[in-house]
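First up is the structure itself, then whatever we jot down about it.
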There are 4 protein chains.
Amino acid sequence: MVGYAFMGRAHSQAWRVAPRFFDLPHDPVMQVLVGRSPERAAQAARRLGWAEVETDWRRVVERDDVDLVDICTPGDTHAEIATAALAAGKHVLVEKPMANTLAEAETMAAAARAAAAQGALSMVGFSYRRVPALALARDLVAEGRIGEVRQVRAQYLQDWLADPDAPLSWRLDKARAGSGALGDIGAHIVDLTHFITGQRVVGVSAMLDTFVAERPVATSTGALRGTGGADRGPVTVDDSAVFLARLSSGAPATFEATRFAWGRKNAIRIEVSGTAGAIAFDFEDMNVLNFFDAADDARTAGFRRVLVTEPDHPYMAAWWPAGHGLGYEHTFVHQVVDLVEAVAAGEQPTPSFDDGLAVQRVLDAVERSAASHSTFTPVD
Amino acid sequence: MVGYAFMGRAHSQAWRVAPRFFDLPHDPVMQVLVGRSPERAAQAARRLGWAEVETDWRRVVERDDVDLVDICTPGDTHAEIATAALAAGKHVLVEKPMANTLAEAETMAAAARAAAAQGALSMVGFSYRRVPALALARDLVAEGRIGEVRQVRAQYLQDWLADPDAPLSWRLDKARAGSGALGDIGAHIVDLTHFITGQRVVGVSAMLDTFVAERPVATSTGALRGTGGADRGPVTVDDSAVFLARLSSGAPATFEATRFAWGRKNAIRIEVSGTAGAIAFDFEDMNVLNFFDAADDARTAGFRRVLVTEPDHPYMAAWWPAGHGLGYEHTFVHQVVDLVEAVAAGEQPTPSFDDGLAVQRVLDAVERSAASHSTFTPVD
Amino acid sequence: MVGYAFMGRAHSQAWRVAPRFFDLPHDPVMQVLVGRSPERAAQAARRLGWAEVETDWRRVVERDDVDLVDICTPGDTHAEIATAALAAGKHVLVEKPMANTLAEAETMAAAARAAAAQGALSMVGFSYRRVPALALARDLVAEGRIGEVRQVRAQYLQDWLADPDAPLSWRLDKARAGSGALGDIGAHIVDLTHFITGQRVVGVSAMLDTFVAERPVATSTGALRGTGGADRGPVTVDDSAVFLARLSSGAPATFEATRFAWGRKNAIRIEVSGTAGAIAFDFEDMNVLNFFDAADDARTAGFRRVLVTEPDHPYMAAWWPAGHGLGYEHTFVHQVVDLVEAVAAGEQPTPSFDDGLAVQRVLDAVERSAASHSTFTPVD
Amino acid sequence: MVGYAFMGRAHSQAWRVAPRFFDLPHDPVMQVLVGRSPERAAQAARRLGWAEVETDWRRVVERDDVDLVDICTPGDTHAEIATAALAAGKHVLVEKPMANTLAEAETMAAAARAAAAQGALSMVGFSYRRVPALALARDLVAEGRIGEVRQVRAQYLQDWLADPDAPLSWRLDKARAGSGALGDIGAHIVDLTHFITGQRVVGVSAMLDTFVAERPVATSTGALRGTGGADRGPVTVDDSAVFLARLSSGAPATFEATRFAWGRKNAIRIEVSGTAGAIAFDFEDMNVLNFFDAADDARTAGFRRVLVTEPDHPYMAAWWPAGHGLGYEHTFVHQVVDLVEAVAAGEQPTPSFDDGLAVQRVLDAVERSAASHSTFTPVD
């Protein structure tokens, strides 16, 4: 695994826990953690449970005893590491956003296609696909339970930047992060829309905004926030991304990604209205899927608050009795399960690098539309 | 109509509005308002839309041009007025609680039975039966949609007495009000349980508490609260009533009535669990009934948030399009509709005085149990 | 009052009820109802409580005993009636949308300005401004309780057209209704955004869609729906309107209006995020305003579910004790109260025709943007 | 660890995960798993990550390399194992209910007191104390944020027995389980009430019911449910427990525990009303605490939906950014953290066996009251 910050912690927990609850075809071994500082990497490896430490990822991708490389670093490093690992015949899991630029994403997707022919498989870490309630949403849509998709409304609302004195971090630096709310969290709701509807966003009309132009330079870092000092530096990414979209079928959709919505901590809200029903989800109540079935008689029809904790629900048979809900990091456990199973079966895991590229193309179209008076901009 | 305070205002609105939305067999005429002070009664009549004023209800019950007497005074006056009106051949609507003592309630019920034989009908104003969502709950239970009733949990929570300096009012005076939270609001949830389940409470085990023994004497009054002065007087009623109960079928139930639950303004919460489903209601979201159908497949089962505003829902065809909800006073409108229709048809309106007596007997058993170490006390 | 359908019923109820709960400077007299069919108008007048009937509104605007004309007809008639009434020195209340075309709206606004100089005042019936929770939202924003407005997300979701066999009505005919979801319900959320934020929408980027191109011709009508026959006719308005917007301050906003969102009956949802807090509202729980105060300490900060039924809340002192909520038509009562008070004081009621025109200009810009590849289109 | 079923899995996960997120003073080693069947125990040990297997717990409590014994077996075995382990100088964690009889619990508590003097510490596994939202509730109450406790309403609702064909398991056998809903889930809400209020239940008035007298004998088992065969056997425990209670301060409380509430999967609901505010919790939305502060001005007062995921919240600094919630098994992780820290500090962990005994005494009083016409029964 390369990187050991927020995502590194989540991925480590996933590798550790998955085989304890699921029957995996392979037993994952947490072998080597990569970090630039040997001391800090060693400390992280002890805490997170990795056997060894390396300071250069290049050495790791060459090792024979490494089957899979898990990339948890900022987006500007993804392309180089992933293509090298794939070229070396390793399976690759890369955190989202897949890359910071469309060109990098295209290179990676091409590398992934080539590597797949050689048996090296790859996956992008859009972990929210593995929220059981959202996997159920996808299944219900695929089964036709809401009919044809007519409208999508998707929001990803956080508030950790609402305070203008929240410090700068790499997530606010275009060079490191590629974009702001758009790539960090907007990417998730685009991917979730692709996942749930089985369609793609084919065009967008967008606005991007930066509300706070300068912030204190961070003197220490946390998972998302850190502590700021007296110096201030520029914010070079968007604080807010709003866009209209068309899906493959022509259905309209609205998207909003922001880290300035006071009181919304991690509110991924997706509502899909179809010709025969609707589903609605909010990550702040992540074990619940709301489902409206238009076939119910009008007297007793209403959104059903489905507690997605039954043995029949995706991933849930492995866990606890009904009503005993899961948390955030379980999505990473499920991601590991799906990845290991696909690798063992020699099948393409999803979301593939092509799926990641599809999201990247939407983000790119959003930026181009926003720079062109919000004019409707086809995705490629 | 006798009395013109909180309930008098609600009843006046009901008489005024009912014929504008419903096809009533008779067109009600708001003829005469009774109040002890001629000036204040005249002022109220103008405001509330009554044609005349009387200061003595005895003169009204003798008038030939009065068909129905609507009694909105405190409970200690109900028995005398109601029996006189019934004896004079008038139909009677009496606010709940029907009476302050069991003896009075029995007298009234006997009078009602006798008068009914002469064509004078009577009804108790348990208006919450006319919340469309609760009428729907009753219908669903009666249709077997939740199977046999296994458990009831009923709470009526308010907070207008949580402040120890909220002033004394007649509602805190045992001589006027009969009891405190028990009769004022506990009576409603007992009646609603009777209504929804079609069963009766047959025994109880209870605790009554008075949290604040003395309060400022009121210097002015509002609907529930008023303004207090420097003098303090004793609270002679219960502040909280909690009781366990058995229904006719043997099903257990829990009840709580309190005016001390900070943040709960008028939270009538009823949840009925049956062998085949469940219903749940909270008046703070009064246009909604939550319904769980155990026949739904486990993957998509969940409490359905039914917005009870469809034309197929009780009373709703007369009002607005779906989603355009009703408010508190609409229950009084529906009460008038049901009363006028029953009177026109010569049928017993519900809840009858016998229904009111049944509630009164439960309240009496609660008081006796609370005075006897909470020992299970049959309802007569 | 001209017109007696859905809106006519709501307005009649408002004129009837307002003086019973509020101290009005004038006592409204419900004098004359106008309808083209004398029989049906007479029947409606009896039901709704109007003293007389006319078949031609022109006669009414000339009568000396009429002070105010309340226009509840479809949008294509508003301009002619309103300008005539204003020219005759009558005060005017006109239902929304103010007009079907921008040109008509401009004419009306000019007429209103001229009439105001002569003492004839006018108001547009954006009744949702009078939901107490939304009036409170406006007050909190005006008081700075959420700081500066950063983002608005506004949706108006209904589902009465989701069924493709729901019949045609005048609301689906561009000639009568002007536009579809956009003018019918989108107008409300634009006006509410203006009202709550105190800002104007200054530009939009939009998409309009018609999902169902043909529908059964209606053989009878209800408030929103009716019954359809075997013939089918074209839908000439939008079924869905989505748009991005900029407010005067530059803040971005997202809007969606649709009558195809299964399970959402009348879901007016407004969320405003500011620099110091946020407010959120959903009409399906209309007595509640959710309020987040960023000044609360982090341990106990959270959206406050404010039950807007306290005497200190807008309009509520006139009604019931806390927790005894209001319904849909109360907004019309409050509208009458505000209108009568403004007229008595000789002050401009709000929303004025200029406010209505401002909304109309936004709707016009939405249509132009949708016709131009969603390009950002300034509001005039 | 003794036992490896539902609770064994949860405890194993806790021992595995705790040191990865928290700075523990000792690094736990998962040494030996005890099970009667060597094959099944070995299989479980592999899956759950224990180094060795034993078939007799007696050998384990004698081993020098074992510091702590974690007892996850049914309640009828707790007393013997726990007292032996304590006598052998081991620290002990025992799942709830502490014991099946009051006598056993008293023996255990005495043993714990004696062992503590020798440095062997003990704890009962009331894991729900470690839900961050409930730990926050306790803190707020202790800090006086809701004033003095006036009323408690506590429910624990499940539905896995609502189906009359759900099979028999040891949880329905009085000899193994001690009692039914009362001890299985009622014990939790009694302990939580003790924990949150800092008071004890001092007397109760109770009703116990068994709704389904016979069930299919289980042919296989799951965490809570299994598969039933054609034979039927008797249910010897309660299906439902309802009771009124008095706390030390005299405050009244209501309790309900049932596994027959259709649609409620694991609804632990606690609401505490105090003189200055209130808190409300439902495990079905476990990352949320609702908090009402009566000091808020009436215009903006309302239950605050606090998402208990901030770094300032109990246990949360170790986990993820705000809004990234936890799940059921995290409570066991926190339990391990608190236990290891207390043991390292040589301090009594909570809840102690005396705390467990206090709950057991309440359960015993409930059974005695239910057998005595619900008469108020002091807790010893």
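The values are calculated or read from the model by the stated rules, or taken from the named source; none is laboratory data. These numbers were taken from a predicted model, which means no experiment stands behind them. Glycine gets a Cβ as well: all are built from the backbone with ideal geometry, and neighbour counts include every protein chain shown.
Residues of the stretch C:158-180 that are out of contact with any helix residue (DSSP H, G or I) (no Cβ under 6 Å at 6 or more places or on another chain) and within 14 Å of chain B (Cβ to nearest Cβ): C:Gln158, C:Asp159, C:Trp160, C:Leu161, C:Ala162, C:Asp163, C:Ala166, C:Ser169.
For C:Asn290, the conditions (1) out of contact with any Phe, Trp or Tyr (no Cβ under 6 Å at 6 or more places or on another chain); (2) modelled with pLDDT of 95 or more all hold with the exception of (1). For D:Thr375, the conditions (1) part of a loop (DSSP other than H, G, I, E, B); (2) surrounded by fewer than 22 Cβ atoms within 10 Å (Cβ to Cβ); (3) under 22 Å from the mean Cα position of the chain (by Cα) are fulfilled apart from (3).
Scanning the stretch B:350-380 for residues that are over 30 Å from B:Val92 (Cβ atoms) and among the small types (Gly, Ala, Ser) yields B:Ser369, B:Ala370, B:Ala371, B:Ser372, B:Ser374.
Would you say B:Ala245 is farther than 30 Å from C:Arg305 by Cα and either buried (at least 24 other Cβ atoms within 10 Å of the Cβ) or within 14 Å of chain C (Cβ to nearest Cβ) (or both)?
Spelling it out, B:Ala245 is indeed farther than 30 Å from C:Arg305 by Cα and either buried (at least 24 other Cβ atoms within 10 Å of the Cβ) or within 14 Å of chain C (Cβ to nearest Cβ) (or both).
Among the residues of the stretch D:155-164, is any of a type in the set (D, E, K, R), in contact with a strand residue (DSSP E or B) (Cβ under 7 Å, 6 or more places away or on another chain) and either farther than 30 Å from B:Asp238 by Cβ or surrounded by fewer than 22 Cβ atoms within 10 Å (Cβ to Cβ) (or both)? The answer is no; no qualifying residue exists.
Inside the stretch A:281-314, residues that are of a type outside the set (A, V, I, L, M) and more than 12 Å from chain D (Cβ to nearest Cβ) make up a count of 13.
Kindly indicate the residue of the stretch C:138-151 that is more than 10 Å from every other protein chain (Cβ to nearest Cβ) and surrounded by 21 or more Cβ atoms within 10 Å (Cβ to Cβ) and also nearest to the chain's Cα centre (by Cα) among those meeting that condition. Within the stretch C:138-151, the match that is nearest to the chain's Cα centre (by Cα) is C:Val141. Would you mind stating whether C:Arg63 is farther than 30 Å from C:Gly180 by Cα and not polar (S, T, N, Q)? Yes; evaluated as a whole, the condition is true for this residue.
Residues considered: B:Ala105, B:Ala135, B:Ala111. Of these, the only one that is touching a residue at least 60 places away in the same chain (Cβ under 8 Å), aliphatic (A, V, I, L, M), in the same structural domain as B:Glu310 (by TED's automatic domain parsing) and buried (at least 20 other Cβ atoms within 10 Å of the Cβ) is B:Ala135. The single condition among (1) surrounded by fewer than 24 Cβ atoms within 10 Å (Cβ to Cβ); (2) free of Cβ contacts under 8 Å to residues at least 60 places away in the same chain that D:Val92 does not satisfy is (1).
Residues in the stretch D:258-280 that are among the small types (Gly, Ala, Ser) and more than 14 Å from chain A (Cβ to nearest Cβ): D:Ser273, D:Gly274, D:Ala276, D:Gly277, D:Ala278, D:Ala280. Would it be correct to say that A:Arg304 is of a type in the set (Lys, Arg) and buried (at least 23 other Cβ atoms within 10 Å of the Cβ)? When the stated conditions are applied, A:Arg304 passes them. For the stretch B:315-356, name all the residues that are crowded, with 19+ Cβ neighbours inside 10 Å, more than 8 Å from chain C (Cβ to nearest Cβ) and aliphatic (A, V, I, L, M). The answer is B:Met316, B:Val333, B:Val336, B:Val337, B:Leu339, B:Val340, B:Val343. In a residue-by-residue description of the stretch B:200-214, the property of being in contact (Cβ under 8 Å) with a residue 60 or more places away in the chain, more than 17 Å from the chain's Cα centre (by Cα) and surrounded by fewer than 18 Cβ atoms within 10 Å (Cβ to Cβ) applies to at least one position.
Filtering the stretch D:17-43 to residues that are in contact with a helix residue (DSSP H, G or I) (Cβ under 7 Å, 6 or more places away or on another chain) and either outside any loop (DSSP other than H, G, I, E, B) or under 25 Å from D:Pro74 (Cα atoms) (or both) leaves D:Val17, D:Ala18, D:Arg20, D:Phe21, D:Pro28, D:Met30, D:Val32, D:Leu33, D:Val34, D:Gly35.
Check the stretch A:82-100 and report whether any residue there is away from every other protein chain (no Cβ under 14 Å), of a type in the set (Asp, Glu) and not in a strand (DSSP E or B).
The answer is no; no qualifying residue exists.
Checked against the criterion of being under 27 Å from D:Val149 (Cβ atoms), touching a Gly at 6+ places or on another chain (Cβ under 8 Å), in contact (Cβ under 8 Å) with a residue 24 or more places away in the chain and among the small types (Gly, Ala, Ser), the candidates B:Gly325, B:Gly263, B:Gly277 yield just one match: B:Gly263. Please verify whether D:Ala301 is more than 21 Å from D:Met123 (Cβ to Cβ) and either of a type outside the set (A, V, I, L, M) or in contact with a Phe, Trp or Tyr (Cβ under 9 Å, 6 or more places away or on another chain) (or both), treating the condition exactly as stated. Taking the combined requirement at face value, the residue satisfies it. Please determine, by comparing only the residues of the stretch C:2-30 that are more than 14 Å from every other protein chain (Cβ to nearest Cβ) and buried (at least 17 other Cβ atoms within 10 Å of the Cβ), which one is farthest from C:Glu347 (Cα to Cα). This residue is C:Gly3. I'm trying to understand the selection: among the residues of the stretch D:32-67, which are more than 14 Å from chain A (Cβ to nearest Cβ) and either within 24 Å of the chain's Cα centre (by Cα) or β-branched (Val, Ile, Thr) (or both)? Result: D:Val32, D:Val34, D:Gly35, D:Val53, D:Thr55, D:Trp57, D:Val60, D:Val61, D:Val66, D:Asp67.
Going by the structure shown, is D:Phe255 buried (at least 19 other Cβ atoms within 10 Å of the Cβ), more than 19 Å from A:Gly263 (Cα to Cα) and away from chain A (no Cβ under 14 Å)? Talk me through it step by step, then tell me what you get.
Working: buried (at least 19 other Cβ atoms within 10 Å of the Cβ): yes; more than 19 Å from A:Gly263 (Cα to Cα): yes; away from chain A (no Cβ under 14 Å): yes.
Taking the combined requirement at face value, the residue satisfies it.
Residue-level analysis places C:Gly228 among those that are surrounded by fewer than 21 Cβ atoms within 10 Å (Cβ to Cβ), small (Gly, Ala, Ser) and either assigned by TED's automatic domain parsing to the domain that holds C:Ala276 or touching a His at 6+ places or on another chain (Cβ under 7 Å) (or both).
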